[in-house]
Amino acid sequence: MRQFKNLVKPYILWSFLLIIVPLLLIVLYSVTTGGNSLVNIRFTLENFKKIGEPIYIQVFVRSFRLGLITTIICLLLGYVLAYVIASFSERAQAILILFVTIPMWINTLLRTYAWISILSDNGIINSFLTLIGLDPITMMYTDFSVILGLVCDLLPFMVIPIHTSLSKMDKSLIEAAYDLGAHRWQAFWRVTFALSIPGVINGVTMVFLLSISTFVIPKLLGGGQYVLIGNLIENQFVSIGDWNFGSAISLLLAILMLLMINITKKLDKQEGGGDL
Amino acid sequence: MKKHGKLFSILYIALCFLFFYVPIVVMVVFSFNSSKSLTNFSGFSLRWYTQLIEDQEIMAAVYVSVSIAIFATAIATVLGTITAIGLSKNRKVLRDTLLSINNIPIMNPDIVTAIGLMILFSSMMIAKGYVTMLLAHVAFCTPYVITSVYPKVRSLDDSLANAAMDLGATPFQTLTKVIIPSIKPGIYAGILLAFTMSFDDFVISYFVTGNGVQNISIIVYNMTKRTNPTINALSTIVIAVILVALIVGNVVPAIYNKRKEKKVKMEENVN
Amino acid sequence: MADMGNCIIELKGITKTFDDQQVLRGIDLNIYENEFLTLLGPSGCGKTTILRIIAGFIEADGGELLFNGIDISKVPPYKREVNTVFQKYALFPFLNVYDNVAFGLNIKKVDKTIIDQKVKKTLKLVGLEGFDKRDVTLLSGGQQQRVAIARALVNEPKVLLLDEPLGALDAKLRKEMQVELKKIQQEVGITFIFVTHDQEEALSMSDTVVVMNEGKIQQIGTPVDIYNEPENRFVANFIGESNIIEGNMIRDCLVRFDDVDFPCVDKGFKENEGIEVVLRPEDIDIVEPEKGQLVGEVKNVVFKGVHYEIMVETDKRMYKIHTTDMHEVGKKVGLCVDPDLIHVMYTMEY
């Protein structure tokens, strides 16, 4: 068995080169100017100051607002779906959960692309509306289409952890709550919901983190003018070419993630006591 | 009251699934449409499928997506599996450090991982294209393999490996004949995860590619302005492949297990 | 008793430390051909460590390990002519019974027809004929145990190492397997090194028992020797029940404890040397008070099935006595011991 110790060596080298070094490069770029030429490299905090400009602050605010809305919708829809699924027999649950996961296996871009033909001005919904004599509605390139796309894409990430914690739950606990005189609502709130909090925390974190850093769905369903953090970073690297500013935003995004993951971990630990 | 609840449950699930599957169904249906319209179904045809096969740009992207997914999965599986096995035999400090580093690409937003790799490749003067895409895919797939294999390795009884060596197996034979068969479920989960991650990836591929090398996601991203039913044909094929894979992955083992059970029972009766 | 031949394994001054804790403090031990040797001791005494050093899973820090006179301490486990039966069997869950047993022979690339013969023969030896295709994870504990033994024996090792193999079985099955293991050992005629913390198991199966405590060998001997002539307080206490009393050797064949002189058969101690006396509970007779060497009062009586366990309090201490006769609590009794049933030991060093 001692011989197997060395099996980690390739990955130590690999993870240093392809995980650590890229992060260090982002840090380096974020605190310098001069782009790619190492000759006129100069340390500065300008890039971070620039993020404070109202136009960029706005992008952050918009991203967080969208993330928050998406997360709340996913939580409401997802909790009910997970709860409803958990009420079926184990066999049925396995099949239903499989159906929740299947869309995750299909390329996000392709699925989002399909929404365009459903939502566009002369798309399926609007043709149907005109058919029954109603006025068409503009849905594409609005908050609505972006949120719809995000919810469709991210809902499984909410349902699965919540379902996992609900299905792990000892059914006799709920019966015990009824037995102790709890009303339906009380039993749900004090027992079922309380015990599913770890799953909720997991789902909320995942959906929120994925939705604030996305840039594909806003671009496809929100159009070019719909700028979120992800699109801002993309622009710096792809069209504008200000890698230093782009790195600064990325670094900030990474730090935000780290903070949020740590907070949820702490919450999870506090709530984790209920698991036992 | 109870019946009411059940009805509501079924209705709610149906609505949610409608929401999940409407885009997929729309894609499949309109891939067989005879006209270019994405809203009116004017008749069945395989026109978009023939166009798909003739479209060299899309076929090249399919080739890139599939081949990158296969190679990246193969490399990530080997690298991730041996790392997971090695990890459990190392000191706690090294184990914890490497596992936290391994978590970075999983936790980090894809876009941060993507630009990190992009800066890395350009500062190392590596020409962006197929190779950089493959390296990047291995980089973000391996952590998923490690996280699915490592728990299996941890729960592995040490004495199994000892037993193999005791019976004359060299360390390498122990690895191939005992350890790997014992952690197979974890490896399979890792393979599945790595393959879908790679096949589904857009963000990282988009930033690290170059020289006109595109995968399916990149092509779709660049095509948004002009609706193109060939993409629906492509999606339908992808969905079909995934469904077949899921059926093979879920149903076949179930049938196999049932048969095996039956066989054992029959043999017991014979004995 | 087995016919013991040459020394097959020799341990010379073996030491081992895990995380600053010394688990073996200089082990010297000779193990012979055809011997059924048991390493007996409480958990943490180092018995399993010795087994693992012989198997090659861990390396000793110091000392020599000789196999047929050749130092094998650097030889990897897969090149040693010993096989192990693991505590929790360590069967390969993804292989059936046949393939588990055939594992070692397959590794050695033995001819398939020979493998088939050997596997069938060994399965028969352990009483699992016809179990070839069974899933090992669906077998009972006792059956898994037999597969583990077959898997080791099929390789025809010179020495079989057994690490508390009966620990996971229930009491009845345990008794059956003890008999069976002994039978198998006699049939295959190889050395068995058996690790257990169960003294009864050790006494009933072994040719030689090695009693260990805190990384040291306390006594090596036949089961009868170990029981009747424990060398120190630890062995006396660990093997069976005993009354251990401090006393002095007045001269050869006369020992004094509890202020009374007892004739005995032990010799060779210094005059007036401080010693400890072992009295087995079944060796003390209860007699009329006036006829007893010691006098006491019955304090407690517990029925144990075959015998009564009676606690008698003298003015010095409590004696534990096993007898088939009932005595009432509160009764004054005398206690008597035959000279040859008094066993005198040196006082423990620590």
Counting only helical runs of four or more DSSP H residues, what would the 222 nm mean residue ellipticity of chain A come to if each run contributes -39,500 (n - 2.57) and the total is spread over all its residues? -22500 deg cm²/dmol
If you filter the range C:1-86 for chymotrypsin sites (Phe, Trp or Tyr not before Pro), then keep DSSP loop positions with at most 12 other Cβ within 10 Å, what is left? none
Can you give me the relative contact order of chain C as a percent, contacts being Cα pairs under 8 Å and 6 or more apart? 15 percent
Given the range C:241-346, what whole percent of its Cα pairs are spread farther than 19 Å? 40 percent
Could you work out which residue, out of A:ASP143, A:ASP135, A:ASP121, moves most in a Gaussian network model of chain A, that is, has the largest mean-square fluctuation with Cα springs under 10 Å? A:ASP135
Cα Rg, Dmax, the range B:87-180, angstrom units: 17.8, 52
Sequence-distant or interchain residues sharing an amide H contact under 5 Å with C:VAL23, placed H: which? C:LYS16, C:THR17, C:PHE18
Too-long pairs where the Cα-Cα distance tops 23 Å, listed order kept, from B:LYS89/B:LYS184; C:LYS118/C:LYS183; C:LYS79/C:LYS133; A:LYS265/B:LYS89; A:LYS9/B:LYS152; C:LYS291/C:LYS316: C:LYS79/C:LYS133; A:LYS265/B:LYS89
GNM on chain B, Cα springs under 10 Å; top mean-square fluctuation among B:TYR206, B:TYR188, B:TYR256 goes to B:TYR256
Which whole number gives the average count of other chain Cβ atoms within 10 Å of the Cβ atoms across peptide B:131-141? 1
P(r) tail fraction, chain C - alpha-carbon pairs more than 36 Å apart, %: 35 percent
Need one number: % antiparallel among DSSP beta bridges in the range C:141-262, to the nearest 5. 70 percent
Which Rg and Dmax, in Å, describe the Cα atoms of the range A:14-104? 22.8, 67
The set of residues whose placed amide H lies less than 5 Å from the amide H of A:MET140, leaving out same-chain residues fewer than 5 positions away, is A:ASP121
Shielding by partners for C:53-59, please: the mean number of other protein chain Cβ atoms within 10 Å of each residue's Cβ. 3
Using a Gaussian network model on chain C with a 10 Å cutoff between Cα atoms, which of C:ASP99, C:ASP261, C:ASP19 fluctuates the most? C:ASP19
The range C:1-121 - Rg and Dmax from Cα coordinates, angstrom: 16.8, 51
Counting all Cα-Cα pairs in the range B:12-96, those more than 19 Å apart amount in percent to 68 percent
Qualifying aspartates and glutamates (Cα of each under 15 Å from Cα of C:LYS270; at least 8 residues distant if same chain): C:ASP252
On a straight-distance basis, which lysines could pair with A:LYS219 in a cross-link, Cα separation under 21 angstrom, same-chain partners fewer than 8 positions away excluded? B:LYS225
Note, ³J(HN,Hα) from phi for the range A:94-107, Karplus 6.51, -1.76, 1.60, rounded to Hz, x at Gly and Pro: 4, 5, 4, 5, 4, 5, 5, 7, 3, x, 5, 7, 9, 2
Scalar couplings 3J(HN,Hα) for the range A:248-260 by Karplus 6.51 cos²θ - 1.76 cosθ + 1.60 (θ = phi - 60°), nearest whole Hz, x for Gly and Pro, are 4, 5, 4, 4, 4, 4, 4, 5, 4, 4, 4, 4, 5
If amide H atoms are built 1.01 Å from N in the plane of the peptide, which residues on other chains or at least 5 residues away come under 5 Å of the amide H of C:ILE250? C:VAL255, C:ARG256, C:ASN272
Give me the orientation-averaged projected area of the Cα convex hull of the range A:53-275, in nm², one decimal. 15.9 nm²
Mean residue ellipticity at 222 nm from the helices of chain B, using -39,500 (n - 2.57) per DSSP H segment of n ≥ 4 over the full residue count, to the nearest 500 deg cm²/dmol? -26000 deg cm²/dmol
Can you tell me the equivalent ellipsoid semi-axes for the protein assembly as shown? Use √(5λ) from the Cα gyration tensor, largest first, whole Å. 72, 31, 30
Stokes-Einstein at 25 °C, 0.890 mPa s, Kirkwood radius from Cα pairs: D for chain B in µm² s⁻¹? 110 µm²/s
Measure up A:LYS168/B:LYS6; C:LYS16/C:LYS182; C:LYS112/C:LYS182; C:LYS175/C:LYS216 against 23 Å on the Cα-Cα distance and list the ones that go over. C:LYS16/C:LYS182; C:LYS112/C:LYS182; C:LYS175/C:LYS216
Average other protein chain Cβ within 10 Å of Cβ, residues B:143-150: 1
Just want to confirm a number: the relative contact order over the range B:55-229, from Cα pairs under 8 angstrom separated by 6+ residues, in percent. 41 percent
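Readers should treat all values here as calculations from the given coordinates under stated rules, not as data from a laboratory. These numbers come from a predicted model, not from an experiment. Cβ: placed from backbone, ideal geometry, glycine included. Neighbour counts: every protein chain shown.
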